Structure formats: structure tokens, C-alpha cells
Amino acid sequence: MAAKTPSGDGPGFLLRNGRVLDYFPPELSADPSPRVESVDLRVRGDRIVARGSGLTPEAGEDVRDLDGAVVMPGNVNGHTHLYSSLAPGMPAPRNVPRSFTEILTEIWWPLDRALDAEAVFLSAAAGAWEAARVGTTLLFDHHSSLTSVGGSLDRIAEGLSLVGLRGCLCYEVTDRGGPGSRDTTLEENDRWLRQVAQRRTGDVPRFCGLVGAHAGFTLEDDTLDDLAQLCEKHQAGVHMHLCEGTTDREVCQERGWKDPVERLVAHGLVRPGSLFAHGVDLTPLDLQAIEERGAWLVHNGRSNMNNGVGRAPVDRFPDRACFGTDGVDDNMWAEMRATFFRGNEPGRGPLGFRGAQRFWLGGFRLARECFREPFGTLDAGAPADFLVCHPFMRSPLATDNWLSMILFGIQAQHVAEVWVGGRRIHRAGDPAPVEAARCQAAARRVWDAMRGLRRGAKT
Ligand SMILES: [Zn+2]
């Protein structure tokens, strides 16, 4: 395994002449005030400690001239699945899935059962490296590896740490493996949440956690009660899929509930800090219930298109809304563009510039709420998590055009350096921190195991 060389040791850094874009005041305010300024940034430890024009170098400081390059906060992915990182290129199932449920039973559920402990780690390491290369520095991961549950969130954390990213982790609790398996998945969330609670110090936390759950249609009512108890115990929200397709509503109604949101509300899971992904098949009343209870709804536009589940009502999403990639990749610019462009087609309401801004900034708001740190700003006291773009930018970036530049100007290939916690964790052209041959061998092993699972298991 190639060693990563920390570049943040020593007395610190002075980054001069950056064209700095940031989104929020440094305090934990939910009100954005995006601005672009040409300033210097001083980095000590894992935080920015000073910002201003013409900062004087201090003794021993590593001074770097950015030559006008754009500096911006590292992007946040509100919902992803690192466990699917080894999926690209896998053989297609013999029977082409005809529905969203068959996509799960033929592809994703065999995959999550085929992952062993090493494959979980390699999925996270490879996925994290791909994320860093496209400028994503903080991920809300939703993990599943049903035959390798205990300790799996540690494997995910190891993979993220190898690259240097931050993560809010959880395990997808489900009843599809039976009560014993269900209990193991609950315990993994409990274990992880106890662990991250113990780690909190004055440093910016590398990790935090939520209570993970797959989706209402694979969860029994008593399991929802167990999840609510875990939320209470750890004062955390739940992270789960909600109405990605129509299955959630159908199964819920078969069980005697009016709708999936009512069921989750009744079990106390629609609460501040909860994070629901997709929300394609939601009614205006469902959306209102989520809004009123201060929960988050994450839009995963490209995944929705790929799975053919329909168009989410993004123009009615609650105040707490952001973008996720659902494991497609971690390119947040691509995610926002896809939804913005699709919204300009006839059909459901458009996203528009106002919506694009709300969802884009929502990722940083979500990170601020969960980590209780001022992500999304590059001012004194903020985590030193930022991207340095290539100095060539064909049009000027300013306070009044930042959103247009994010939508149409700045792209993943402009990311020259990625900094997290005051360390440069990636520079364009750097080698991967994990061997490709090892990842590819694990991918083959997982794909072979999936073949047997498709024939034998439908759970
Ligand atoms: Zn998902």
C-alpha cells in the first residue's frame, strides 16, 4: 500500500493570493452569505486561523502563492454508498431487472451480501479516492454488507482515513436477513455511535454517525421502534431511504398504514437531524410533515434517472434539502447540473437557480448540523477543508456570479489540490493510495460471489 505523506505537519501554511469563494459566515448560522474575495489564508493544525489581504509570513511558515487560483470549500455528498465502489463493470444479471425492486434483488442485495471485510475496506478506500479527485471531502455514507456487519463501519472509516476524507457513517438496518441479522445491524450502529461520541475532542471531528436504516419496506414495526430507541439513546437522527420508488407506499399500505411518512412519524423517526434519501413518491402532505419536523431530504437525481423511479418533486422539497449521489459517483457538480438541466425539461417543477443554490448550500448546512462545525466557510476558526482549483479560469469569479460559475464554469477537472483538516490530501496526478490490482482482485471475488447469491437468495 502506497504511503500517504501528510503535508500539514510543521508550523503551518500561508496560502497567498487565492480567489476565495465561501458560502456562510463562520458562526453556525443557517443563513448563507456567499462571497468571493482575493485574500490570504493562514492554516494551523486542522483549521484556518486567519484570513486577510497581505498577511505577513510568520517564522517557519510554509508560504505558497496560489497565483489567483480559486479556493472553495470541499464539496459535501449528502447520501452515498461507498460499498458500491467496486460495482462498475460487474456482469449484468441474467434476467434484466424490470422494476426498482428487481434492481435491488438482482444487483444491490447480492452485492452487499458478497462483500467480505477486505472488500468493504477496499470499496471505501477506492470510493474515497475517487471522491477526493472530484473535490468531495465529506460524505454521508449509508453502508450495507450483510455477511460482514460487525466492525464494517470501522472498515469504511479506515478507507476514508487512508485518503483523508471526513464521513458521517451508519449501517443500513434491515429485516431482510431475519431477526438475528437485524440485531447485528442495530448493534453495529450502536457500537459506531458510542465510538464517535468518545472521540470528540477540540479537533474538528473526522467522523460522526447517524442511525442507519435501509427503507421502510424492509423494516418491521418493532424494528422501527428499536431504531427510534437508538436515536433517543444517541440523540441522533436516522439516515434511510424514503419513497425511492412506489414500493415503500405499497408495502406500507399492505401493513395497514396510510402512508410511509405517517408510519415513520408514528414511530418517532421523522425528527430533527434525520436524513431521508430520494423522496420521489412523496405527496405535498408528506413533504410538509418532513419540513415541520426539521428533517432533511436528499435528492439523488442521476440515480433516480438510472433506476427509472421517476422525477422527485424538487420544487417542493423542504427547507433542509441537499444533493446526494446514491453511489453513482461523488461528483457534486455533475449531480447539481443533472437536476438543474432536467428541471428545465417539461414535467415536474424546475429546480431553477434559486433551487440550485438552496440544494448546493444545503450540503454544507447538513454538515454544519451533524458535525457542529462551520463547514462551508473559509474564515478564521473554520475547518481547513478546501479545494484549490487550477489557476486558469476562463471567466472571472465574483460574489454576484458564483452560482453561475458553479453550475457552468468550475468542474471536477479544475480541482488541482484537495485539503482536509489542514493537510493537502490530494494533488492532481498523485498516485492512488491503494493498489489497483488489489481492488480489481476484490472486485472479481465479489462479482463471482454475487453469481451464486443471485441463484440462491432473493432476500
Ligand atoms: Zn441510497
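Summary table
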item	result
Residues satisfying the stated conditions in region 405-455, i.e. assigned by TED's automatic domain parsing to the domain that holds His390, in a helix (DSSP H, G or I) and of a type outside the set (A, V, I, L, M, F, W, C)	Gly409, Gln413, His414
Selection status of Ser161, closer than 22 Å to Asn307 by Cα, of a type in the set (Gly, Ala, Ser) and at pLDDT 95 or above	no
Any hit, region 261-280, residues being in contact (Cβ under 8 Å) with a residue 40 or more places away in the chain and farther than 30 Å from Asn306 by Cα	yes
Count of residues meeting criterion [open to solvent by less than 10 Å² (accessible area, probe 1.4 Å), aliphatic (A, V, I, L, M) and either assigned to a loop (DSSP other than H, G, I, E, B) or within 16 Å of the ligand (Cβ to nearest atom) (or both)] in region 322-370	2
Residues that are outside any loop (DSSP other than H, G, I, E, B) and surrounded by fewer than 19 Cβ atoms within 10 Å (Cβ to Cβ), drawn from region 17-34	Asn17
Matching residues, region 127-151, being free of Cβ contacts under 8 Å to residues at least 40 places away in the same chain and within 16 Å of the ligand (Cβ to nearest atom)	Leu146
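Let's see how each residue does on (1) assigned to a strand (DSSP E or B); (2) away from the ligand (no atom under 16 Å from the Cβ):
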{"site": "Val43", "(1), (2)": "yes, yes"}
{"site": "Ile48", "(1), (2)": "yes, yes"}
{"site": "Arg51", "(1), (2)": "yes, yes"}
{"site": "Arg64", "(1), (2)": "yes, yes"}
{"site": "Pro91", "(1), (2)": "no, yes"}
{"site": "Ile103", "(1), (2)": "no, no"}
{"site": "Ile107", "(1), (2)": "no, no"}
{"site": "Arg113", "(1), (2)": "no, yes"}
{"site": "Ala125", "(1), (2)": "no, yes"}
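Yes/no per residue for (1) outside any helix (DSSP H, G or I); (2) of a type in the set (D, E, K, R); (3) away from the ligand (no atom under 13 Å from the Cβ); (4) modelled with pLDDT of 95 or more:
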| residue | (1), (2), (3), (4) |
| --- | --- |
| Leu224 | no, no, yes, yes |
| Leu227 | no, no, yes, yes |
| Ala236 | yes, no, yes, yes |
| Trp257 | yes, no, yes, no |
| Phe276 | yes, no, no, yes |
| Gln288 | no, no, yes, yes |
| Arg302 | no, yes, no, yes |
| Asn306 | no, no, no, no |
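The values are calculated or read from the model by the stated rules, or taken from the named source; none is laboratory data. Nothing here was measured: the structure is a model prediction, and the numbers come from that model. Here the Cβ is made from the backbone with ideal geometry for all residues, glycine too, and neighbour counts use every protein chain on show. For accessibility, only protein heavy atoms count, side chains too; no ligands or nucleic acids. Shrake-Rupley method; radii C 1.70, N 1.55, O 1.52, S 1.80 Å.
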